[in-house]
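See structure below.
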Amino acid sequence: MDIERNPVLVDKLASEYVLGALQGGARRRFETLLRRHAVLRQAVAGWQDRLHPMAELAPPAQPPAAVWSAIEAKLDLPRKPQRKRSIWFELREDLSFWRGLGLVSTTAAIILTSLLLSRQELPPVPAAPAVSYIAMLSNEQAQPIAVVTGDAPGGRLLVKLVVPQKIASDKSLELWAVPKEGPPRSLGLLEANGSISLALPADATPQTVPLLAVTLEPKGGSQDPKGPTGPILFKGAWVRI
């Protein structure tokens, strides 16, 4: 196939490459094509020009405490003894970091959502729900894993996994709302691939719930009334659009 004769495919591949949604072998094949086709390089440069300046609009953010700890370890500096804190406390402490990425994450998530909805294999829907809130959930390697959209008037959440997850048969993926205060609240269980619609609580707004996170839990979800019991797999800022 002569890719230069398919401008729609060129634009879609370039956008997914810049957003980081193109992974594994597909990304390596695309990078090989980049070296051969100037039209692909121009498309990638165009998407970079559109997205990268948005990062400059984000307010300055204080680096998380873990960054300073890593620097101290590299320089072999004496470290002050610290009381062990839960990972959920650390997430709240990093709210300035997530808020700083809010604009970029929102823009990227909107673009990624439009790309997903434009794929031909998706069946047509009678009417698109309103999108009041959005989040792009990424793993520790900053790879986008899921896009979450919230329809406040309809009281529904739509969770779309960009990268299907392989989990054991005795495990479940559970979505959590991480409020500014108090323990995380479960929003429901996710499918390991594809999309799922969940109820959106009226109080799960970005004003009170600035973060969403997904953990790996026993089959059927966490039974602990205090919240999650498993590791955090991916997370992201929950923002209004």
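Read-outs throughout are calculated quantities, based only on the coordinates presented, and are distinct from any laboratory measurement. All values derive from a computational prediction rather than experimental measurement. With ideal geometry, Cβ positions are generated from the backbone for all residues, glycine too; neighbour counts draw on all protein chains shown.
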Going by how many other beta carbons lie within 10 Å of each one, how would you line up T205, T149, fewest first? T205, T149
A correct fewest-to-most ranking of L34, L212 by other Cβ atoms within 10 Å would be L34, L212
Relative contact order (percent) for region 127-240, with alpha-carbon contacts under 8 angstrom and 6 or more residues of separation? 29 percent
For Y133, what charge total do you get from the other residues with a beta carbon under 10 Å from its beta carbon, if Lys and Arg give +1 and Asp and Glu give -1? 0
